[in-house]
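In what follows, a single structure is set out as structure tokens and then discussed.
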Amino acid sequence: MHMKDFQIVNAQEMRQLDKLTLNEKNLQSFDLMEHAGRSIFYYLIKHQIFTVSDTLLIVSGIGNNGGDALICALAMFEKQLNPKVVIVGDLENQSLENKLAIQKLDEIQVPITYISSTDDIETFTSLVDNTTIIIEGLFGIGLNSNVEGFYNTVISKINQSYAQVISIDIPS
């Protein structure tokens, strides 16, 4: 794929494209998420974004953007790449699709670190500091307000790291 094959859309247009795709292809939302997550993984492989010497960290939110990241992590584990996986947020607010993605990871016993408050920032910082590539799926097109507090700290830690950051959809 070349850059000319891509079209840049805003969040509202992306939601409409997702909806059209679901209706036109008669898919469930999780099917679309699974396709997106695996497509991200194949893109990274095809374009040799990382090497075997890289340490990979998947940073997932609790919504569908996070689900995309988790499916990407699943594809990586299936190929024995074994990234570290972090889920940021209160699981009581997670999307159904995100929950299904976690279940898939649990089925193959993927270790997951849960970060849900400022008490966990030290653990998160340690993970970020010991990685070379971060795949970020915190908010994506679901972000509709300024990021403050705990999430702002998480995003700052990512931005301050020396790792290459690859964001899914729109960088948080």
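It is to be established whether one or more residues within the stretch 81-97 are among the hydroxyl-bearing types (Ser, Thr, Tyr), in contact (Cβ under 8 Å) with a residue 12 or more places away in the chain and over 25 Å from Phe50 (Cα atoms). Spell out how you get there, then give the answer.
So the first thing to find is which residues in the stretch 81-97 are among the hydroxyl-bearing types (Ser, Thr, Tyr), and the list is 95.
Checking which are in contact (Cβ under 8 Å) with a residue 12 or more places away in the chain leaves us with 95.
After this cut, where a residue has to be over 25 Å from Phe50 (Cα atoms) as well, the list is 95.
Scanning the stretch 81-97, I find at least one residue that is among the hydroxyl-bearing types (Ser, Thr, Tyr), in contact (Cβ under 8 Å) with a residue 12 or more places away in the chain and over 25 Å from Phe50 (Cα atoms), so the answer is yes.
Out of the residues in the stretch 73-97 that are part of a loop (DSSP other than H, G, I, E, B) and either of a type in the set (Ser, Thr, Tyr) or open to solvent by 10 Å² or more (accessible area, probe 1.4 Å) (or both), state the one that is nearest to Tyr42 (Cα to Cα).
Of everything passing the filter in the stretch 73-97, Lys79 is nearest to Tyr42 (Cα to Cα).
Among Leu100, Leu70, which is the only one that is of a type in the set (A, V, I, L, M, F, W, C), open to solvent by less than 30 Å² (accessible area, probe 1.4 Å) and either touching a residue at least 40 places away in the same chain (Cβ under 8 Å) or assigned to a helix (DSSP H, G or I) (or both)? Break it down stepwise before answering.
Working: Leu100 fails: open to solvent by less than 30 Å² (accessible area, probe 1.4 Å).
From the options Leu100, Leu70, the qualifying one is Leu70.
Report, ordered by the first and then the second residue, all pairs with beta carbons closer than 6 Å, sequence separation of six or more or different chains, a first member in the stretch 106-128 that is more than 18 Å from Ile62 (Cα to Cα), and a second member that is surrounded by 14 or more Cβ atoms within 10 Å (Cβ to Cβ) and hydroxyl-bearing (Ser, Thr, Tyr).
Short answer, once both residue conditions are applied: Val128/Ser161.
Residues to consider are His35, His47; find the one that is modelled with pLDDT of 65 or more and under 27 Å from Tyr162 (Cα atoms). Spell out the reasoning first.
Numbers: His35 fails: under 27 Å from Tyr162 (Cα atoms).
Criteria check complete, one pass: His47.
Go through the stretch 154-172 and give me each residue that's open to solvent by 50 Å² or more (accessible area, probe 1.4 Å), of a type in the set (Val, Ile, Thr) and modelled with pLDDT of 95 or more. Spell out the reasoning first.
Here is the first cut: in the stretch 154-172, the ones open to solvent by 50 Å² or more (accessible area, probe 1.4 Å) are 157, 159-160, 162, 164-165, 169-171.
Filter once more, so that each one left must be of a type in the set (Val, Ile, Thr): 165, 170.
Across the stretch 154-172, the qualifying residue is only Val165.
Yes/no matrix, rows are residues, columns are (1) modelled with pLDDT of 95 or more; (2) farther than 20 Å from Tyr162 by Cβ; (3) open to solvent by less than 70 Å² (accessible area, probe 1.4 Å):
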residue: Ile108; (1), (2), (3): yes, yes, no
residue: Ile112; (1), (2), (3): yes, yes, yes
residue: Asp120; (1), (2), (3): yes, yes, yes
residue: Ser126; (1), (2), (3): yes, no, yes
residue: Thr131; (1), (2), (3): yes, no, yes
residue: Ile134; (1), (2), (3): yes, no, yes
residue: Gly142; (1), (2), (3): no, yes, yes
residue: Ser145; (1), (2), (3): no, yes, no
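The values are calculated or read from the model by the stated rules, or taken from the named source; none is laboratory data. Remember, predicted model here, so these are calculated numbers, not experimental data. Positions of Cβ are generated from backbone atoms using ideal geometry, with glycine treated the same way; all protein chains shown enter the neighbour counts. Just so you know, the surface numbers come from the protein's heavy atoms only, side chains and all, with ligands and any DNA or RNA stripped out. Shrake-Rupley method; radii C 1.70, N 1.55, O 1.52, S 1.80 Å.
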